[in-house]
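Here is the structure we will look at.
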Amino acid sequence: MSPPKPSPRIPRLLETSRIYLRPFEITDVDAYFPGLFDAEMRRLTGTQNSFTRTQVERYVENAAQDDTRLMLLIALQENDQIIGDVVLMDMHAKNRSAHIRVAIDQAEHQGKGYGSEALLLMLDYGFGICNLHRIELEVYAFNERAIRTYEKLGFQREGVKRDVLFYNHQYHDAVQMSMLEDEFRQRHMKDQPENV
């Protein structure tokens with residue numbers, strides 16, 4: 001009997017000791033698709049539409065062709081389980097700016113710092129590899145846990161868009177936040193040795 005073949009190593013673009021970020025492949029749609037119907041995730045993201053599997057496949061294919069977008073899945077180091085995604089989008093080369101979003105799909109994985117780790121990896125990539133100067137995000141005002149997380153990472157509040165989301169019979173505000181490259185480096189790179 002021949003020994004079992006080792007499974008192919010999953011590509012890892014960025015990683016910490018607990019998670020890694022990797023490209024989204026069409027074969028991941030089956031694992032990703034059910035999360036689009038989680039009631040709490042839909043509320044936190046303000047998702048009002050429903051999606052078919054075909055629409056999600058098309059979205060993934062289009063995102064892979066979009067030079068202004070980097071969409072990565074968040075997976076656990078211990079078992080390769082996909083727990084969410086993080087995206088740099090609307091990257092603008094002349095302005096050196098982009099928008100970022102992160103989602104941890106299931107309640108069992110939320111509140112454990114995985115989202116913060118994924119954001120730090122993507123911020124470091126955005127400022128250090130993509131040469132961005134400004135990365136912004138928008139979060140609904142009722143998502144206080146996310147706002148605290150973003151502030152802890154160093155995002156600054158810039159303003160409020162009033163009544164931007166109508167969800168579950170109510171209007172909700174959105175908080176605009178951003179981080180600049182020097183703010184990121186000062187806060188998160190101070191222990192890094194400088195290149196000689």
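The values are calculated or read from the model by the stated rules, or taken from the named source; none is laboratory data. Quantities reported herein were computed from a predicted structural model and do not represent experimental measurements. Neighbour counts run over all protein chains shown; Cβ positions are idealised from the backbone, glycine included. Ligands, DNA and RNA are excluded from the accessible area calculation, which covers all protein heavy atoms including side chains. Shrake-Rupley method; radii C 1.70, N 1.55, O 1.52, S 1.80 Å.
Apart from one condition, I147 fits all of (1) closer than 26 Å to D173 by Cα; (2) open to solvent by 30 Å² or more (accessible area, probe 1.4 Å); the exception is (2). Residues in the stretch 150-165 that are in contact (Cβ under 8 Å) with a residue 40 or more places away in the chain and open to solvent by 70 Å² or more (accessible area, probe 1.4 Å): there are none.
What residue, of T54, T47, is hydroxyl-bearing (S, T, Y), assigned to a loop (DSSP other than H, G, I, E, B) and open to solvent by 30 Å² or more (accessible area, probe 1.4 Å)?
Working: T54 fails: assigned to a loop (DSSP other than H, G, I, E, B).
Every option except T47 fails the conditions.
Taking the stretch 61-81 as the range and being crowded, with 16+ Cβ neighbours inside 10 Å and touching an Asp or Glu at 6+ places or on another chain (Cβ under 8 Å) as the test, the residues that pass are R69, M71, L72, L73, I74. Residue-level check: of (1) touching a helix residue (DSSP H, G or I) at 6+ places or on another chain (Cβ under 6 Å); (2) modelled with pLDDT of 95 or more, I104 misses just (2). A single member of L132, L119, L123 is surrounded by 18 or more Cβ atoms within 10 Å (Cβ to Cβ) and in contact (Cβ under 8 Å) with a residue 60 or more places away in the chain, and it is L123. Restricting attention to the stretch 107-114, does a residue exist that is open to solvent by less than 40 Å² (accessible area, probe 1.4 Å), at pLDDT 95 or above, closer than 22 Å to A146 by Cβ and not in a strand (DSSP E or B)? Yes, the stretch 107-114 contains a residue that is open to solvent by less than 40 Å² (accessible area, probe 1.4 Å), at pLDDT 95 or above, closer than 22 Å to A146 by Cβ and not in a strand (DSSP E or B). For the stretch 84-92, indicate whether the set of residues that are in contact with a helix residue (DSSP H, G or I) (Cβ under 7 Å, 6 or more places away or on another chain) and under 25 Å from L180 (Cβ atoms) is non-empty. Yes.
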